[in-house]
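Inspection log for the structure reproduced underneath, given as structure tokens.
The values are calculated or read from the model by the stated rules, or taken from the named source; none is laboratory data. In this text, all values refer to a predicted model and were calculated from it rather than measured experimentally. Cβ placement follows ideal geometry from the backbone for every residue including glycine, while neighbour counts extend to all protein chains displayed.
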Amino acid sequence: MKLHTKFNLSKGVPELIVISNAKPHDRTKMKELITEDNCIYIFDKGYVDYKIFDEFSNRGVHFITRLKDNAAITDPTNLEITYSEDTLLDDSINIIEDITCYLGTKDVNMTDKQYRVITVLDSKGQILTFVTNIFEYTSEDIAWLYKNRWEIELFFKWIKQNLKIKRFIGHSLNAVMMQVVSAIITFIIVKLIQDIAKTAYGLLKIKRLIKHSLTKSVDSSLFSWGKWLGS
């Protein structure tokens, strides 16, 4: 199975999950996840679909994603590499190129609209290529925004390691869904507690405190419970 997730980077929590069989391609679920026009969507290259990119651009949906290594580009035009007023990227990350182009070729699946393609050399010497329909941001802004997509990888890693979602207690659809949804709810509750806690506890520390204090009295000075409960 696959857990397709829309993750709110500003809040640090998942907003929408779509469950699918493992066999269908990731991009078949993209339209179910991208439902709003007033935000920037950042997604993995597994969701790349040129025709859907044109649909998003027509709707005013902004996106940033990785371009596949074998991607064809047509009619490239060089842009000046630009940087933010405040440094966003480490010195070890170099922006190599910023261009506009059509994706695909005239004979095979070429986009109707032009897109912006930014190439970066990361700290490990790996070349990363980003594609976006955002033209008003600096080259550094685009690279930095995609870097923040790593938060969703950390989310999946956390629930697998700490909420035991790697092993299923049952294999029927209901059993799997109950375990997945319970894990998501648990993560959100722990995240909410972290946001209102007076201490700088991490998610794992908070989870362990809850686990070992379910039947015990907890020092109320540790958390702003009144604020959380709306009193």
Revision key, fill the gap. Restricting the range 121-139 to residues that are of a type in the set (A, V, I, L, M, F, W, C) and assigned to a loop (DSSP other than H, G, I, E, B), the one surrounded by the most Cβ atoms within 10 Å (Cβ to Cβ) turns out to be 134
Review point. Pick from the range 76-102 the residues that are in contact with a Phe, Trp or Tyr (Cβ under 7 Å, 6 or more places away or on another chain) and at pLDDT below 95: which of them is surrounded by the most Cβ atoms within 10 Å (Cβ to Cβ)?
Key: 89
Practice item. Looking at (1) at pLDDT below 85; (2) among the small types (Gly, Ala, Ser); (3) under 16 Å from the mean Cα position of the chain (by Cα), find the lone condition where residue 143 falls short. Key: (1)
Review point. Identify, please: which residue in the range 14-42 is touching a residue at least 40 places away in the same chain (Cβ under 8 Å) and in contact with a Leu (Cβ under 8 Å, 6 or more places away or on another chain) and is, among those, surrounded by the most Cβ atoms within 10 Å (Cβ to Cβ)?
Key: 42
**Study point:** Selection from the range 52-69 of residues that are in a helix (DSSP H, G or I) and surrounded by 12 or more Cβ atoms within 10 Å (Cβ to Cβ)
**Key:** 52, 53, 54, 55, 56, 57
